[in-house]
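The values are calculated or read from the model by the stated rules, or taken from the named source; none is laboratory data. Note that the coordinates shown come from a computational prediction; the quantities given were computed from them, not determined experimentally. Because the Cβ atoms are built from the backbone with ideal geometry, glycine has one as well, and the counts that use them run over all protein chains shown.
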């Protein structure tokens, strides 16, 4: 049976194409060897469960590893100390019962079974501590406890008390048997778990997990790691792909977010060959194949995107920050005390680069642009309606007549918004061009914004349409000298993308401006510049 790309649950090397996790696992093992207690808190679908499974395989020869999960545990299990302790003992017993651990005496297994089933005996956290201490004392190897999906317990005081028991064992481990290393995995870190069980009036940063070591292992995939996974795929399929090119493209779109990488690969492997233009494997695993997979992914409804949009709706202040980044090109300094930004970072939707907030990857960024541009209010804008009505005029032989598109945009924009002030151009001009373009490419093409060059004066938009690329630099006019620098920068950008023609859209609030479209020759590059 051939392997496949997996995006649900744990990845199994025997069945699934995977990146090589050995370097990440080795880094985590160092923390275990040092006897650290820590939390792997990363965004949803970031490979936490798969990493824990790989880590367990790596540790099994040296440690007795209990790997349990709180996923699917019913609410009643957290209702009291007795119910919680009984459930934890039951989970530990299951690990022993199914032979998933070595080095634990049979007597421990029997006692765990008995204590978890004797309902007439009331259990408490003292019983819990005594039993865990006994396991560590009788084990033939150091004991490691891994608990996956700890978010399932995040609203319950019983779990926080359990953490206090583990903390007490940690502090007394020089004189008493104790678990060598405890690893918790979830989206929230333990400080956030503490916050979740308290009302707004009683929030506190005090945590029973202040003993935890810092976990800074990079769990995203590098382009080289993605290439390694594609090499394994190529050995089985012989598609003829350029592995390095495809790996770098996947990284450019995803910034190595594990789910997004695997989902794009899965779409290319399982869906694109059904399309008539992708009958041959080498056409699937190509630049056009990647952009087509991106388009399909962006139109999907999945838990990750639902969580992204949900957080935007839950936190209006986060919504405003993202809007300012996307459409106004503003630089937002990272403030670790900003609650909404902290939530977005914890869920993996933003990242911090050089002290500033950035959207985590191009996929999330485009999905957020779509959220703003396809709102019911925006689709009622006259400029959006004009783009919808004129769509067929701009598509010729499967390509966009971008020069005509710019001419019509200049005409409609001047008619509708020509009397607006400078503040309007700076804050809304670029958004209106994107509103005009969106219905024209919707369903067939795709676009993204180059985050590296975006600022409050300039935004570079790249459109992919039927295998053709169009680069449009949108900018606020700040004089001829600034404009010439923009032309030079766009020319260099075209060189990077191996294109001969580029487009520039200038929002000029000078009363003496010359509205219209003109051609500029820069060496072997042709620039089409539109001024509104």
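Of the helices (runs of 4 or more DSSP H) that lie entirely inside segment 63-172, those containing 2 or more residues that are closer than 26 Å to residue 34 by Cα span 81-97, 125-138, 157-171.
Applying the selection to segment 2-18, what residues are assigned to a loop (DSSP other than H, G, I, E, B) and either in the same structural domain as residue 237 (by TED's automatic domain parsing) or touching a helix residue (DSSP H, G or I) at 6+ places or on another chain (Cβ under 9 Å) (or both)? Selection gives 2, 3, 5, 6, 7, 9, 10, 11, 12, 13, 17, 18. Among the residues making up segment 317-334, those that are assigned to a helix (DSSP H, G or I), without any contact (Cβ under 8 Å) to a residue 60 or more places away in the chain and in contact with a helix residue (DSSP H, G or I) (Cβ under 8 Å, 6 or more places away or on another chain) are 317, 318, 319, 321, 322, 323.
If I filter segment 371-401 down to residues being surrounded by 20 or more Cβ atoms within 10 Å (Cβ to Cβ) and within 30 Å of residue 248 (Cβ to Cβ), which single residue comes out as modelled with the highest pLDDT? Across segment 371-401, the extreme among qualifying residues is 400.
Between 368, 404, the distinction of being modelled with pLDDT of 95 or more, touching a helix residue (DSSP H, G or I) at 6+ places or on another chain (Cβ under 7 Å), more than 24 Å from residue 299 (Cα to Cα) and in a helix (DSSP H, G or I) belongs to 404 only.
Contact map, segment 46-58: first residue on the phi > 0 side of the Ramachandran plot, second residue part of a helix (DSSP H, G or I) and buried (at least 21 other Cβ atoms within 10 Å of the Cβ), Cβ cut-off under 7 Å, separation 6 or more or different chains; pairs are 47/258. Out of 14, 44, 87, 57, one residue alone is at pLDDT below 95 and surrounded by fewer than 21 Cβ atoms within 10 Å (Cβ to Cβ). It is 44.
When residue 295 is tested against (1) surrounded by 17 or more Cβ atoms within 10 Å (Cβ to Cβ); (2) touching a helix residue (DSSP H, G or I) at 6+ places or on another chain (Cβ under 8 Å), only condition (2) is not met.
Of the residues screened, residue 132 is one that is crowded, with 19+ Cβ neighbours inside 10 Å, more than 25 Å from residue 47 (Cα to Cα) and either at pLDDT 95 or above or touching a strand residue (DSSP E or B) at 6+ places or on another chain (Cβ under 6 Å) (or both).
Among the criteria (1) in a strand (DSSP E or B); (2) modelled with pLDDT of 90 or more, the one residue 459 does not fulfil is (2). Quick check on this structure: which one of 124, 148 is modelled with pLDDT of 95 or more, within 37 Å of the chain's Cα centre (by Cα) and surrounded by 13 or more Cβ atoms within 10 Å (Cβ to Cβ)? Of 124, 148, the one residue that is modelled with pLDDT of 95 or more, within 37 Å of the chain's Cα centre (by Cα) and surrounded by 13 or more Cβ atoms within 10 Å (Cβ to Cβ) is 148. The residues in segment 517-532 that are under 13 Å from residue 418 (Cα atoms) and modelled with pLDDT of 90 or more can be counted, and the count is 1. Mind checking whether some residue in segment 332-351 is at pLDDT 95 or above and closer than 22 Å to residue 465 by Cα? The answer is no; no qualifying residue exists.
The set of residues from segment 93-116 being without any contact (Cβ under 8 Å) to a residue 24 or more places away in the chain and over 42 Å from the mean Cα position of the chain (by Cα) comprises 106, 110, 111, 114.
Is segment 284-291 home to any residue that is crowded, with 17+ Cβ neighbours inside 10 Å and outside any helix (DSSP H, G or I)? Yes.
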